[in-house]
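Down below is the structure, laid out as structure tokens.
The values are calculated or read from the model by the stated rules, or taken from the named source; none is laboratory data. Computed from a predicted model, the values in this text were never measured in an experiment. Backbone-built Cβ (ideal geometry, glycine too); neighbour counts: all protein chains shown.
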Amino acid sequence: MKACSRSMSSRAKSRRGFTLIELIVVLMILVGLAGMIVPAVADMVARTHTATAARNISEVANAVARYEVQYLSYPTRLDSLSDNATLAAAGTWDQAPEGVTATVTLTADTADALANAGVNSLAVHTDGQDSATFTQSATFVTPADTNVVYGLTVAQQQSFGLEATGVAGKYVVFGVGGQNTAIGKTMTTAPVHFPESAAENLNTSYGRFLAVFQITDGTDALERAKLVAVYAPEGASQGDELAEYFEIVSDR
């Protein structure tokens, strides 16, 4: 009986739970692992974001360039991003993407330069629509009708690497949205750029990539506007996105 009692007592001891010290040790190990895993996950998300943005900039630029070669014009029905007062009063979307703050008033000659390049119809946002579901809009205007479009300030031209000194009104910016005529021809769909900050969601910030067109030589209107660059909505170039990617990698 004594042997049996000792055996039962031994089994009871073997089944008892962790001591407080053992639990603290386990928790400390888990906290340490979390401290290593969470930054790694955050870095992975940031790397994925920048790598995807860099790839999409390249793909959009290539799709627009291929369209121009195949059809001898640029895609039309690009997003106007216009802040024209008449259009805004009629209930149109008038929020410029981050990094694009200048407005350019088109003349008859610069509107013709865009039309001669094939950009003869611009899509307009309507109230209540977010920038990612722009294809729901059925409102279109010509560059001459919209009159005021978004462009780049002199400082932005310099920061984007387009000009050493910069000339106001030389470049205009349109969004490569879901209704542009390259869809189904040289691109399957217009990619959406997802911002790093949740506050800059697609209901508050423009989510398409931006096509920058040169419309003057600094003084006179070009006979035909030309695409000079594609950027992410915050104004980042492919080089900017790649530089950020490798900065994240090197910081690890």
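Scanning segment 152-184 for residues that are in contact with a strand residue (DSSP E or B) (Cβ under 6 Å, 6 or more places away or on another chain), hydroxyl-bearing (Ser, Thr, Tyr) and part of a loop (DSSP other than H, G, I, E, B) yields one hit, THR153. For VAL212, the conditions (1) modelled with pLDDT of 90 or more; (2) more than 13 Å from ILE57 (Cα to Cα); (3) of a type outside the set (Lys, Arg) are fulfilled apart from (2). From the residues in segment 114-133 that are modelled with pLDDT under 50 and either under 13 Å from VAL149 (Cβ atoms) or in contact with a strand residue (DSSP E or B) (Cβ under 7 Å, 6 or more places away or on another chain) (or both), which one is surrounded by the most Cβ atoms within 10 Å (Cβ to Cβ)? So, considering only residues that are modelled with pLDDT under 50 and either under 13 Å from VAL149 (Cβ atoms) or in contact with a strand residue (DSSP E or B) (Cβ under 7 Å, 6 or more places away or on another chain) (or both), the one surrounded by the most Cβ atoms within 10 Å (Cβ to Cβ) is SER131. Checking each residue in segment 46-67 for being of a type outside the set (S, T, N, Q), surrounded by 15 or more Cβ atoms within 10 Å (Cβ to Cβ) and at pLDDT below 90 picks out ALA46, ARG47, HIS49, ALA51, ALA53, ALA54. Counting only residues that are over 15 Å from THR103 (Cα atoms) and surrounded by fewer than 19 Cβ atoms within 10 Å (Cβ to Cβ), segment 146-165 holds 7 of them. If you go through segment 68-107 and keep only what is surrounded by fewer than 15 Cβ atoms within 10 Å (Cβ to Cβ), over 17 Å from the mean Cα position of the chain (by Cα), outside any helix (DSSP H, G or I) and modelled with pLDDT under 80, you end up with ALA90, GLY91.
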